[in-house]
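Asks: Next up is a structure, given as structure tokens.
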Amino acid sequence: MPVLAFLGRRLAIFAISLVGASMLIFAVCSALPGEVAEIILGEGASQAQIEALTAELGLDRPPVVRYLEWVGGMLHGDFGVSYFTGQSVSGLMAPRIAVTLWLVLFALLLSVAVALPVGMLAAMKRRSWQGFAATAVAQLGMAVPAFWAAIVLVLVFAVGLRWLPANGYIPLTTDPVSWAAHLVLPVTSLAIVQSAVLVRYVRSAFIEVLSEDYYRTARAVGWRPFPALLRHGLRNAALSLVTVVGLQLASVLVGAIVIEQVFALPGLGSQLLSAVSQRDLMIVQGVVMFLAASVLLINFLVDLSYAWIDPRLRTEAER
Amino acid sequence: MSLLEVSDLTVSFGRRRRVAVDHASFSLEAGQRLGIIGESGSGKTVTALSVMGLLPETAQVAGSVRLAGRELVGLPESQHARLRGDLVSMVFQEPMTALDPTMQVGRQVAEVLRLHAPERSGRARQHVLEMLGRVGLTDAERVADSFPHQLSGGQRQRCLLAMALINSPDLVICDEPTTALDVTVQARVLALLDEVLSAEGAACLFISHDLAVVSQVCSDVLVMLDGDIVEAGPVAKLFTAPEHPYTRGLVATARIDQVRPGERLPTVEDFYPRAEAR
Amino acid sequence: MRRLGLYVGAALVTLVVAMALVSLFWTPYDPTLVVAGQRLQGPSAAHWLGTDAMGIDNFSRILVGAQTTIVVGVVSVGIAAVIGVPLGMLAGQARGWVDEVVMRITDIAYAFPALLLAILLAARFGASPVTAMTAIGLATIPSFARITRAGTLQVMRTDFVLAARASGIRWPGISLRHVLPNIAPLIGVQASVTFALAILAEAALSFLGLSTAAIVPTWGKMLRDAQTVMFNAPLQAVWPGLAIAAAVLGFNLLGDGLRDLLDPRLREVS
């Protein structure tokens, strides 16, 4: 079965990427032991103090040992402890994951929901003004920084119209309505840029479908243009679009870091940024690893979805 | 009343109005088989596509195309779409890419049935298997459950033929349906086409650049050159008494069996020198 | 109409470059001059875009901000191209395991978008324009490597390269003489698009306080300042936002326009 070879190869790539990413993160954050103590103690600490703290934190052991310890811990859900407060990094991250997850998930869904019809329209009407307008709007949307969109949206809908809260977060379990209200503006500002980028990919994927023979066949048996695209174009276009959405996830995730900051959302991004400003490298290391692993995992799942979408991978050619 | 009446059909493209078909007129009776022959760019495919209503947006169409008494030029897309696959259907040149690669072919055939005859779709599977059998696919069950990449070119073209015939259209347009196939497969598909068209009593507009292929399926033929119909008549007459020099060239090149060994093979240019080389 | 995008893009890019150049020699006011008595003024004849929370002329800050934008873009794109292009040519010509290794490294790099890498580096080395530019440059290497590899594969299949190889020219010679000149337009398009991406990433980093020192005006930093006063002076957020959007739009349109111009030879690759 070609699908088994395909999945095996993808799984291997996923595993190698995870190892590579963890090594990179560790190398940047923890490979040189002296600096961690220096950062904690601040400038003016004596060499003896630094060495004492380094030993106390166990940072004088070889990097390889510490790396394996870190990775081994993560496999059990233990992301280490903060150098400053001694708190467990996983414990700090746990309540924040949901916030970031909602934000990213809804932003991705919204951008796909907007980009798919707009991109299809832009492809079908590419020679008329509607197509031109869709492309132009997409270009403008791509140029807008998400955090600027966020500020403008807050000014209009929170400050001006007072329809929605300007910032903050209410957990879903506390008050679902308020939870939703607090997510509308962050999700929208994140989705604007993403849908603009996606529109361009959707458009070119469907322009390709429009020139395919099977689209012509669908028209020749009586489908009207739009239904023909939906019925026979969607699956085929999805083959290239699914990859794009997977790759987009990484940029939605980093976009979320900035957006959480604008709306004061208690997610992973704001935790990462406060850890960066305190230079708490263990938290940084843990959160970045978690984010990178999520991106790699999603892209692995995207690869798997090919096997489901494309019958040529699922079934053997019999000739 | 003829089944298809084309009069003064003129199709041009783009802002510069490049003319692809120039005041073409012909007609086709029910059950009649008409070949359109010509080289690429002669306007034969554009003529077919204007009957189907599948010309690109940039095309401007003038004149009249009447199918079963209904005017097709200027017909709204929604109404034209209802005729396609039902009253008139089309088989294209490239069977390898003409089927949706992500869908079982049986479903693709059944879809045509559902689209136009919802009342018959209850037993769609039955109809589809029957139709696949009629186009010479022996293990219809297996073929219906296959994806296009699992079938050979000849099998795919038969599936496309099944899609074109399942609603018993009055007119089937074939655009070089065998050109992309191996020579042996080509002969078998042509024989099949001849057989099913007779069985269904459908008229056929058969487009080809190959006079030999046309003569196998059609009784009458049109010769198109640069958007004009330069000659029309029964196939037999065309072979025996071609009038236009271009047609004489075509006949000579189709009859290479009459060339004596050692002699240079004839070309169309021997008979019809083009004013400008293209 | 077809080249409208290209012209608009070129015009916007020229405008940003001109702003940066002009600001080297002249600005209406000192962009760091704090004037206590004129905080948060609206647009006026004296201050076209008003003044900020410290009384500094906004127009002067926007002009100087163009400098940072250009420098960050040039350096980031430079880093990405200098490393990514040779890597892509190597992968495309060597094929086999070398190709595999390079492509897998770019796979890993896709998990580290510019901003995440910049945050990681800022945590370790401290926030500065240098870490920002390095991070953006490193993070965009994969896209250069991939596009170069794709272009190289295409060039390597052409007859003139086959002829060159048949006549015994080794791969460094082929790279310089045949591959590079043929994929140069492709790299130019990528550079323009990456430039836009770098502007956005730098603006985000400045906005988060992870790029420039407090004193240097950048558009992202201006938006950060504007956010703190957004409820009293919403206009403050408009000017830097427009500047960023115009610059990004310019480089994106320029890249797209160039790509269309080079069509159809390169479309399949990119």
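No value in this document is a laboratory result; all are computed from the given coordinates. For clarity, every value in this text was computed on a predicted model and none was experimentally measured. So basically every Cβ, Gly included, is an ideal-geometry build from the backbone, and we count neighbours across all protein chains shown.
Asks: Roughly how many Å is it from the Cα centre of segment C:197-259 to that of segment B:85-108, as a whole number?
Replies: 52 Å
Asks: Only counting other Cβ atoms within 10 Å, I'd like A:Ser195, C:Ser23 sorted with the fewest neighbours first.
Replies: On the way: A:Ser195 27, C:Ser23 19.
In order of increasing Cβ crowding within 10 Å: C:Ser23, A:Ser195.
Asks: For chain C, which span is the longest to avoid every loop-located (per DSSP) member of trypsin sites (Lys or Arg not before Pro) having at most 10 other Cβ atoms inside 10 Å? Don't skip to the answer; put the middle values down first.
Replies: Numbers: sites that count: C:Arg2, C:Arg157, C:Arg170.
Segment C:3-156 is the longest.
Asks: In addition: Where in segment B:1-101 are there trypsin sites (Lys or Arg not before Pro) that are in a DSSP coil and have at most 13 other Cβ atoms within 10 angstrom of their Cβ?
Replies: Working: sites: B:Arg15, B:Arg16, B:Arg17, B:Arg18, B:Arg33, B:Lys44, B:Arg66, B:Arg70, B:Arg82, B:Arg84; in loops: B:Arg15, B:Arg16, B:Arg17.
Sparse-neighbourhood loop trypsin sites (Lys or Arg not before Pro): B:Arg15, B:Arg16, B:Arg17.
Asks: Right, another one. Put a dot 7 Å past each Cα toward the Cβ at B:Glu130 and A:Phe132; how far apart are the dots in nm?
Replies: 5.3 nm
Asks: Moving on to the next point. Lys/Arg Cβ at +1, Asp/Glu Cβ at -1, dipole of segment A:90-308 taken about the Cα centre: which of A:Gln248, A:Leu140, A:Tyr306 is farthest positive-ward?
Replies: Value computed over the given set: A:Leu140.
Asks: Roughly what would the spin-label model give for B:Ala191 and C:Arg104, points 7 Å off Cα along C-beta, in nm?
Replies: 5.5 nm
Asks: Now a separate question. For peptide B:96-104, compute the average count of partner chain beta-carbon atoms within 10 Å of each residue's beta-carbon. Show your work: numbers first, answer last.
Replies: Numbers: counts 1, 5, 8, 5, 11, 9, 11, 6, 1.
That works out to 6 on average.
Asks: Within chain A, which is the longest segment containing none of the GluC sites (Glu not before Pro) that sit in a DSSP loop and have at most 13 other Cβ atoms within 10 Å? If you can, show how the numbers build up before the last one.
Replies: On the way: sites that count: A:Glu43, A:Glu316, A:Glu318.
The longest such stretch corresponds to A:44-315.
Asks: Amide H of B:Ile36: which non-local residues (sequence gap of 5 or more, or other chain) have their own amide H closer than 5 Å, using H built in the peptide plane?
Replies: For B:Ile36, whose amide H was placed from the backbone, the distant partners under 5 Å are B:Phe206, B:Ile207, B:Ser208, B:Leu222.
Asks: May I pose another question? Could you let me know the centre-to-centre spacing of segment A:261-319 and segment A:32-82, using Cα atoms, in angstrom?
Replies: Result: 26 Å between the Cα centres.
Asks: Using a Förster radius of 45 Å, what is the FRET efficiency between C:Asp30 and A:Ala45 based on their Cβ-Cβ separation? Nearest 0.05, please. Intermediate results must be reported in sequence, preceding the final value.
Replies: Working: r = 39 Å, r/R0 = 0.87.
Using R0 = 45 Å, I get an efficiency of 0.70.
Asks: Label points 7 Å out from Cα along the Cβ direction at A:Thr174 and B:Arg264: separation in nm?
Replies: About 9.3 nm, to one decimal.
Asks: Using the count of nearby Cβ atoms within 10 Å as a rough guide to exposure, how do B:Thr47, C:Thr32 rank from fewest to most?
Replies: Details: B:Thr47 26, C:Thr32 13.
Going from sparsest to densest Cβ surroundings: C:Thr32, B:Thr47.
Asks: If R0 is 60 Å, what FRET efficiency do you get for B:Ser219 and A:Leu75 from their C-beta distance, rounded to 0.05?
Replies: Working: r = 77 Å, r/R0 = 1.29.
Calculated value: 0.20.
Asks: As an exercise, use a Förster radius of 35 Å and the Cβ-Cβ distance of B:Thr240 and B:Arg15 to find the FRET efficiency, rounded to the nearest 0.05. Walk me through the intermediate numbers first.
Replies: Working: r = 45 Å, r/R0 = 1.28.
That gives a FRET efficiency of 0.20.
Asks: If you count, for every residue in A:128-135, the Cβ atoms of partner chains within 10 Å of its Cβ, what is the mean?
Replies: On the way: counts 1, 0, 0, 0, 2, 0, 0, 2.
That works out to 1 on average.
Asks: If you average 1/r over every pair of different alpha-carbon atoms in chain B and take one over that average, what Kirkwood value in Å do you get? Don't jump to the answer; show the numbers that get you there.
Replies: Values: mean 1/r = 0.0507 Å⁻¹.
Kirkwood radius, chain B: 19.7 Å.
Asks: To continue, here is another question. Please identify which residues in segment C:162-191 have an amide N closer than 13 Å to a label point set 7 Å out from the Cα of C:Arg95, following the Cα→Cβ vector.
Replies: Under cut-off, by backbone N: C:162.
Asks: Taking the alpha-carbon distance from B:Lys237 and a cut-off under 26 Å, which lysines remain once sequence neighbours fewer than 8 residues away in the same chain are dropped?
Replies: Output for B:Lys237: B:Lys44.
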